[in-house]
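Nothing in this text is a laboratory measurement; each read-out follows from the coordinates by a stated rule. The shown structure was predicted, so the numbers you read here are calculated from the model rather than taken from an experiment. Here the Cβ positions follow ideal geometry from the backbone for every residue, glycine too, while neighbour counts run over all protein chains shown.
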Amino acid sequence: MANNFSLYATLLLLAASSVLMSTVVSELCKQDNGDCTADCNTRCTAAFSGSHGKCGATTGGQQRCWCYYDCPALKTCDDDFVMSSDCEENQCTLACVTKHPGRGALGKCLIQYPDLSDSCHCTFFC
């Protein structure tokens with residue numbers, strides 16, 4: 001009986017985690033595609049690969065054609081520079097945010113060999 005319980009618990013955990021992974025994998029984007037007409041879905045599938053169209057109201061109550069599609073993945077870029085003093089993570093991140101504002105920049109301190117100088121490694125959305 002205990003063996004069956006652990007088997008069922010394992011299967012339940014695997015099923016729950018696979019459902020979570022499929023929900024988090026991609027975000028759904030929404031784009032206004034003009035007036036709501038009978039060909040809304042056709043216009044959306046032509047405009048965005050893998051999309052579907054649905055009529056819905058705007059905040060003002062006007063009926064519009066909305067296209068729903070998987071958002072494209074955001075590309076990340078890297079940038080390295082030498083810090084003027086000993087590198088600290090919060091200073092590094094602040095320097096990255098200042099250098100690449102509005103791009104979700106994060107900094108990580110690295111030690112450069114052979115001279116053992118401190119550098120800041122930034123990752124940010126391109």
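Here LYS30 is the anchor, and the lysines within straight C-alpha reach of less than 19 Å, apart from those fewer than 8 places off in the same chain, are LYS54. Here the dipole of region 76-125 is about 260 debye; that uses its Cα centre as origin and unit charges on the Cβ of Lys and Arg (positive) and Asp and Glu (negative). Neighbours of ASP32, meaning other residues whose beta-carbon lies under 14 angstrom from its beta-carbon, give a summed charge of +3 when Lys and Arg score +1 and Asp and Glu score -1. If you take all other residues with their beta carbon under 15 Å from the beta carbon of GLY104, and give Lys and Arg +1 and Asp and Glu -1, the sum is +1. Normalised by the number of residues in region 25-73, the average gap of Cα pairs under 8 Å and 6 or more apart makes the relative contact order 46 percent.
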